[in-house]
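Undergrad: The structure under discussion is supplied below as structure tokens; questions concerning it will follow.
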Amino acid sequence: MKTQSIMIVENNTDLRNTLRHAFEDRGYMTWTCPAPEIAVCIFAAVRPNVVLLDLDFAGSSPMDLLDAWKKLSPHTKVFVESAISDERLMQEAVDHGAQAFLIKPYTLEPLFDMLEEDLPPSAPMAAMVRQAAA
């Protein structure tokens with residue numbers, strides 16, 4: 001696997017730290033953001049290969065972030081996650097450029113499998129991962 005960089009935008013501190021450690025252990029250069037406002041600046045500065053974006057932020061517009069990031073860096077893969085299993089939200093995220101929609105809680109292996117496949121970021125997988133955390 002080539003060196004990848006990932007930005008994790010997650011409001012849950014424990015999950016954000018768990019994800020950071022899991023990605024760093026696999027060799028990813030990792031940035032974490034507790035809020036979308038911070039993510040805007042970090043994304044512009046580092047232009048990560050992958051973004052894992054939590055859609056469960058109150059008062060934010062994650063679809064606007066997806067649009068801006070795809071315009072700024074069309075080759076960045078964006079995976080979104082939510083505790084809500086909502087087909088409308090899933091489709092909206094894919095329509096705005098997300099490659100996959102993960103429903104919390106999920107296990108990390110399917111996420112790593114999707115991330116490490118050599119799929120172009122412009123072709124949404126429209127995959128939904130829903131597995132109980134082990």
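The values are calculated or read from the model by the stated rules, or taken from the named source; none is laboratory data. This structure is a prediction, so every number in the text was calculated from the model and none was measured. Glycine also receives a Cβ, built like all others from the backbone with ideal geometry; neighbour counts cover every protein chain displayed. The protein model used for the area step is the full one, side chains on, heavy atoms only, and it has no ligands, DNA or RNA in it. Shrake-Rupley method; radii C 1.70, N 1.55, O 1.52, S 1.80 Å.
Undergrad: Enumerate the pairs (first residue in segment 53-76 and without any contact (Cβ under 8 Å) to a residue 60 or more places away in the chain and aromatic (Phe, Trp, Tyr); second residue anywhere and surrounded by 17 or more Cβ atoms within 10 Å (Cβ to Cβ) and not in a helix (DSSP H, G or I)) with beta-carbon separation below 9 Å, excluding pairs fewer than 6 apart on the same chain, so at least 6 apart or on different chains.
TA: 57/9; 69/51; 69/53; 69/76; 69/78; 69/97
Undergrad: Which of the following residues is surrounded by fewer than 19 Cβ atoms within 10 Å (Cβ to Cβ) and without any contact (Cβ under 8 Å) to a residue 40 or more places away in the chain: 32, 18?
TA: Details: 32 fails: surrounded by fewer than 19 Cβ atoms within 10 Å (Cβ to Cβ).
From the options 32, 18, the qualifying one is 18.
Undergrad: So, in segment 99-114, exactly how many residues are within 12 Å of the chain's Cα centre (by Cα) and surrounded by fewer than 16 Cβ atoms within 10 Å (Cβ to Cβ)?
TA: Total satisfying the criteria: 1.
Undergrad: Here's something else I'd like to know. Could you count how many residues in segment 1-40 are polar (S, T, N, Q), closer than 17 Å to residue 114 by Cα and part of a loop (DSSP other than H, G, I, E, B)?
TA: Going through segment 1-40 one residue at a time, the tally reaches 2.
Undergrad: Pick out the one residue from 93, 68, 98, 132 that is at pLDDT 85 or above, of a type in the set (A, V, I, L, M, F, W, C) and assigned to a loop (DSSP other than H, G, I, E, B).
TA: Working: 93 fails: assigned to a loop (DSSP other than H, G, I, E, B); 68 fails: assigned to a loop (DSSP other than H, G, I, E, B); 132 fails: at pLDDT 85 or above.
When all the criteria are applied, what remains is 98.
Undergrad: Among (1) open to solvent by 30 Å² or more (accessible area, probe 1.4 Å); (2) farther than 21 Å from residue 12 by Cα; (3) modelled with pLDDT of 85 or more; (4) not hydrophobic (A, V, I, L, M, F, W, C), there is one condition residue 73 misses while meeting the rest; what is its number?
TA: The one condition residue 73 does not meet is (1).
Undergrad: Another question about this same structure. Does segment 41-53 include one or more residues that are basic (Lys, Arg), more than 18 Å from residue 101 (Cα to Cα) and part of a loop (DSSP other than H, G, I, E, B)? Spell out how you get there, then give the answer.
TA: At the first step, the residues of segment 41-53 found to be basic (Lys, Arg) are 47.
Those still in the list that are more than 18 Å from residue 101 (Cα to Cα) too: 47.
Still in the list and also part of a loop (DSSP other than H, G, I, E, B): 47.
Yes, the conditions are met somewhere in segment 41-53.
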